[in-house]
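Chemist: Please read through the structure below; I'll follow up with questions.
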Amino acid sequence: MSGQLDGVFAERRARFARQMGANAVAIIASGGEKLRNRDVDYPFRPDSDFFYLCGFPEPDAIAVIITGSSKQKPKFVMFCRPRDPERETWDGRRAGPDGAKTRYGADEAHGIDTLDRHMPDFLSNKRTVYYSWGRDDHFDARLNSWRAAVARKARSGTAAPQEMVAPESILHEMRLFKDAGEVATMRRAAQISAAAHRRAMEACTPGKMEYEIEAELLYEFTRHGSRAPAYGPIVGGGANGCILHYRENDAPLNDGELLLIDAGAELHGYASDITRTFPVNGRFSKEQRTIYDIVLAAQKAAIVAVKPGAHWNAPHDAAVRVLTKGLVDIGLLKGDPAKLIKDETYKKFYMHRTGHWLGMDVHDVGEYKLDGKWRPLKPGMVLTVEPGLYIPAHSKGVAKKWWNIGIRIEDDVLVTRSGRDVLSKDAPKEPDEIEALMRRAA
Ligand code: GLY
Ligand code: MN
Ligand code: MN
C-alpha cells in the first residue's frame, strides 16, 4: 500500500486540521487483524480514512491530530506497534515509533501500549474530539475513561472536551475529490482490471469452471502488483449471472450461456470496479444480443450524462429511460414507458441503481445528496456506471427464450472539466469486438 509521496499525506493532514478548527483532537484508527480461523488471520488492510491521512500500512495504529490556537501548527502523533525482534521474526517487519517519525512524518510517536498514558494529556483543554463513535465498543469505553480523567482535573483549571464530531464529515468530502495522484492510481487499477477482463474472455470456453476464469482474473491482477481484489469477484455463468452478488464461482460454464464477470483490482489502496458480460462460446445468440444491445445503449447514455453540473441521478435517469424503452420495444414490458418508469415497473428486470462513488472503497464515501437534493457532479469525482438487465428462469409472463439472460456492463468514470474520462475503457464492451477477441483466442 505504498506508492504515494509522504508530502501528499502531510498536505492532506494539514487540510483536515484546518477544517477541524482550533483546539481539537482527531483520533483515527487503522483497525486490527481479524482472526479467520485458528492461528490464521484475514489479510490485513488498513481503514481507508486512516490510510488516506497517513499512508501507514500496519494494524494496531492510531493517528492523533491535534490543533492548538489558529496560529499554531497542528501536531501529528502516531501510536503504533513497538519494534520487537522476536515478533518481527515471526510476523514481519514493523516501522515502530521511530519509523513512524522518520518514514511517515509523525511529529511524535509512541508504542500503542502507551495510549492510556498519553491520551488524557492530549485531550486536556481541547474543545472538540473528532472520533467515529460506535464502531468499536472497547475503544469507545477507553475514550470515555480518558475524558473522565481530564474532567476530574476541572478544579485545577483543566477543561475536558465538550463536543464530539464524526471525522467523516470532513474526511469523506475530501476523499470524494480525487487529486492527480489518486486519479493516476485509479487509472492504473482500471487498466489492470481491463487486462484481466480481456484475459478472461480469451480463456473462456464451454466446459471450464467459473473458478478457472476467476483464477485468470486474479493472476492478471497479481502479476501487475495488485495485492488483492477490491471486492470478491463475481464470475457467474448462465442463471448465476442473474444473482447480483453471486460469489460461489464454482459452477461449470455451459455452451450457449452468458458469463457475467464483476471484478476489479485494488492498487495501492484504490479500487476499480468493472463488469463485462459475454457468451461462453464466443457468439451471442439472437436473444442475448438483443438484451445486450439494450444494456449497452443504456450504459452509453448514462456515461454521456456524466458531466460537471449534471446532478448525481442524471446517469441513472438516462439508463432507466433507455432500458425501459428497450424492454417495451421487445415486448417484455407493456405500456407507456413514462408510466412504467413512474410506477417503477422496470425494477422487475433492473432492480439496482446505476452507480456509486468509487475510490479507496469500492462503494466509496461521499454524500449523494446535499440539502435533500441530488448533488451536482464536479471534476475529480469518480463514479461507476453499471446498468443491467436480469431475466431469471420462470420469470412470470416472460417467454422461455429470454430466461437466464443476466447482463451488466460497468465502467469507472472520472468527471473532468470538459465532461468525463472512462478509466476502464480498455475492457472491450462492443459485442463485435468481444466476439472477434474470443475468436482469435480460440
Ligand atoms: N462490484 C460491486 C458493485 O458493482 O457495486
Ligand atoms: Mn459497482
Ligand atoms: Mn461491480
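Chemist: Applying 1/(1 + (r/R0)^6) with R0 = 30 Å to the Cβ-Cβ distance of residue 394 and residue 341, what FRET efficiency is obtained, to the nearest 0.05?
Modeler: Working: r = 25 Å, r/R0 = 0.85.
Rounded to the nearest 0.05, the efficiency is 0.75.
Chemist: A follow-up question, please. Starting from 0.36 nm per residue, how many nanometres of slack lie between residue 436 and residue 286 once their C-alpha separation is accounted for? Spell out each step's value before the answer.
Modeler: Numbers: separation 150, 0.36 × 150 = 54.00 nm, distance 1.68 nm.
Gain on extension, residue 436 to residue 286, equals 52.3 nm.
Chemist: Have a look at 200, 148, 100 and tell me which one the Gaussian network model of the chain (Cα, springs below 10 Å) gives the largest fluctuation.
Modeler: Looking only at 200, 148, 100, the biggest GNM fluctuation is shown by 148.
Chemist: Work the Kirkwood hydrodynamic radius out for the stretch 1-131: mean of 1/r over every pair of different alpha-carbon atoms, inverted, in Å.
Modeler: Numbers: mean 1/r = 0.0649 Å⁻¹.
Hydrodynamic radius (Kirkwood, Cα pairs) of the stretch 1-131 is 15.4 Å.
Chemist: Something else: Only loop residues by DSSP count here, and only those with at most 11 other Cβ atoms within 10 Å; note down the trypsin sites (Lys or Arg not before Pro) in the stretch 37-86 that meet that. Please list the in-between numbers first.
Modeler: Values: sites: 38, 71, 75, 83; in loops: 38, 71, 83.
Passing both the DSSP loop test and the Cβ count: 38, 71.
Chemist: Return one quarter of the surface area of the convex hull spanned by the alpha-carbon atoms of the stretch 320-379, equal to its mean projected area, in nm².
Modeler: On the way: hull surface 22.7 nm².
If you wrap the Cα atoms of the stretch 320-379 in a convex hull and average its projections, you get 5.7 nm².
Chemist: Shifting gears a bit: Any lysines with Cα under 27 Å of the residue 101 Cα? List them, leaving off those in the same chain fewer than 8 positions away.
Modeler: Output for residue 101: 34, 71, 73, 75, 126, 178.
Chemist: Relative contact order of the chain: what whole-number percent is it, with Cα pairs under 8 angstrom and at least 6 residues apart?
Modeler: 13
Chemist: Report the charge-dipole magnitude of the stretch 311-409 in Debye, nearest 20, computed about the Cα centre from +1 at each Lys and Arg Cβ and -1 at each Asp and Glu Cβ.
Modeler: On the way: 16 positive and 10 negative charges, 91 e Å.
Computed charge dipole of the stretch 311-409: roughly 440 debye.
Chemist: Under 20 °C and 1.002 mPa s, how fast does the stretch 219-314 diffuse according to Stokes-Einstein, given a Kirkwood radius computed over C-alpha pairs? Answer in µm²/s, whole number.
Modeler: On the way: Rh = 15.3 Å.
Stokes-Einstein gives a translational diffusion coefficient of 140 µm²/s.
Chemist: Provide, as a two-decimal number, the C-alpha radius of gyration of the stretch 106-190 over 2.2 N^0.38 Å, N being how many residues it has. The partial results should precede the final answer.
Modeler: On the way: Rg = 17.4 Å, N = 85, 2.2 N^0.38 = 11.9 Å.
Dividing the Cα radius of gyration by 2.2 N^0.38 Å gives 1.47.
Chemist: In a GNM of the chain with a 10 Å cut-off on Cα contacts, which of 234, 341, 28 has the highest mean-square fluctuation?
Modeler: 341
Chemist: Would you calculate the convex hull of the Cα atoms in the stretch 255-297 and tell me its volume per residue in Å³?
Modeler: Values: hull volume 3.1 nm³, N = 43.
In the stretch 255-297, the Cα convex hull volume per residue is 71 Å³.
Chemist: Quick one: if the Förster radius is 51 Å, what FRET efficiency do residue 329 and residue 144 give, using the C-beta to C-beta distance and rounding to 0.05?
Modeler: Numbers: r = 61 Å, r/R0 = 1.20.
With a Förster radius of 51 Å, E is 0.25.
Chemist: Can you give the Rg to Rh ratio of the stretch 60-142, both from alpha-carbon atoms, with Rh computed by the Kirkwood formula?
Modeler: On the way: Rg = 14.4 Å, Rh = 14.2 Å.
Value, to two decimals: 1.01.
Chemist: Still on this structure, I have one more. Would you tally the net charge around residue 248, using a Cβ to Cβ cut-off of less than 12 Å, leaving residue 248 out, and scoring K and R as +1, D and E as -1? Write down the numbers at each step before the final one.
Modeler: On the way: positive: 247; negative: 210, 214, 250.
It works out to a net charge of -2.
Chemist: Show which aspartates and glutamates lie in cross-link reach of residue 347 when reach means a straight Cα distance below 17 angstrom and same-chain residues fewer than eight apart are skipped.
Modeler: 317, 329, 336, 386
Chemist: Write down, largest first, the equivalent ellipsoid semi-axes of the stretch 344-441 in whole Å, where each equals the square root of 5 times an eigenvalue of the alpha-carbon gyration tensor.
Modeler: On the way: eigenvalues 176, 100, 20 Å².
Ellipsoid half-lengths, sorted descending, are 30, 22, 10 Å.
Chemist: How high is the FRET efficiency between residue 401 and residue 425 when r is their beta carbon distance and R₀ equals 30 Å, given to the nearest 0.05?
Modeler: Values: r = 32 Å, r/R0 = 1.08.
Between residue 401 and residue 425 the formula returns 0.40.
Chemist: Tell me the net charge near residue 121. Cut-off is 15 Å between Cβ atoms, residue 121 excluded, with +1 for each Lys or Arg and -1 for each Asp or Glu. If you can, show how the numbers build up before the last one.
Modeler: Values: positive: 75, 117, 126, 142, 147, 152, 153; negative: 107, 108, 116.
Computed value for this residue: +4.
Chemist: Going by average Cβ neighbours within 10 Å, how do the peptides 267-273, 342-348 rank, with the highest at the top?
Modeler: Working: 267-273: 27.1, 342-348: 14.4.
The packing order, highest mean first, is 267-273, 342-348.
Chemist: Hull surface divided by four, with the convex hull built on the Cα atoms of the stretch 281-343: how many nm²? Don't skip to the answer; put the middle values down first.
Modeler: Values: hull surface 21.1 nm².
One quarter of the hull surface, i.e. the mean projection, equals 5.3 nm².
Chemist: Each label point is 7 Å from the Cα along the Cα-to-Cβ direction; what then is the distance between the points at residue 155 and residue 211, in nm?
Modeler: My value for the distance between the label points is 6.8 nm.
Chemist: Which three lengths, in whole Å and largest first, does the chain cover when its Cα atoms are put on their principal axes?
Modeler: 81, 51, 38 Å, listed from the longest principal axis down.
Chemist: Please state the charge dipole magnitude for the chain, taken about the Cα centre, from unit charges on C-beta atoms (+1 on K and R, -1 on D and E), reported in debye and rounded to the nearest 20. Spell out each step's value before the answer.
Modeler: On the way: 65 positive and 61 negative charges, 270 e Å.
Result for the chain is approximately 1300 debye, rounded to the nearest 20.
Chemist: Given a 1.4 angstrom probe, I'd like the percentage of the accessible area of the stretch 83-222 that is carbon and sulfur, rounded to a whole number. Mind showing how you got there, number by number?
Modeler: Values: 3610 of 7300 Å².
It is 49 percent, rounded to a whole number.
Chemist: Right, next: Rolling a 1.4 angstrom probe over the protein heavy atoms, how many square angstrom per residue are accessible across the stretch 82-213? If you can, show how the numbers build up before the last one.
Modeler: Values: 6940 Å² over 132 residues.
Accessible surface, normalised per residue, equals 53 Å².
Chemist: Which of these, 183, 385, 304, has the largest mean-square fluctuation under a Gaussian network model of the chain (Cα springs below 10 Å)?
Modeler: Of the options given, 304 has the highest mean-square fluctuation.
Chemist: Could I ask something else about it? Calculate, in nm to one decimal, what residue 40 and residue 117 gain on full extension: separation in residues at 0.36 nm each, minus their alpha carbon distance. Don't skip to the answer; put the middle values down first.
Modeler: On the way: separation 77, 0.36 × 77 = 27.72 nm, distance 3.14 nm.
Difference between extended and current length: 24.6 nm.
Chemist: Under a plain spin-label model, where a point goes 7 Å from the Cα along Cα-to-Cβ, how far apart in nm are residue 224 and residue 250?
Modeler: Reported label-point gap for residue 224 and residue 250 is 2.9 nm.
Chemist: Separate question: Which of 290, 265, 253 sits closest to the plus end of the dipole of the stretch 251-318, meaning its Cα is farthest towards the positive end, when Lys and Arg get +1 and Asp and Glu get -1 on the C-beta?
Modeler: So the residue furthest toward the plus end is 290.
The values are calculated or read from the model by the stated rules, or taken from the named source; none is laboratory data. The structure displayed is predicted, hence computed values, not measured ones. Backbone-built Cβ (ideal geometry, glycine too); neighbour counts: all protein chains shown. Heads up: the accessible areas ignore ligands, DNA and RNA and are worked out on the full protein's heavy atoms, side chains in. Shrake-Rupley method; radii C 1.70, N 1.55, O 1.52, S 1.80 Å.
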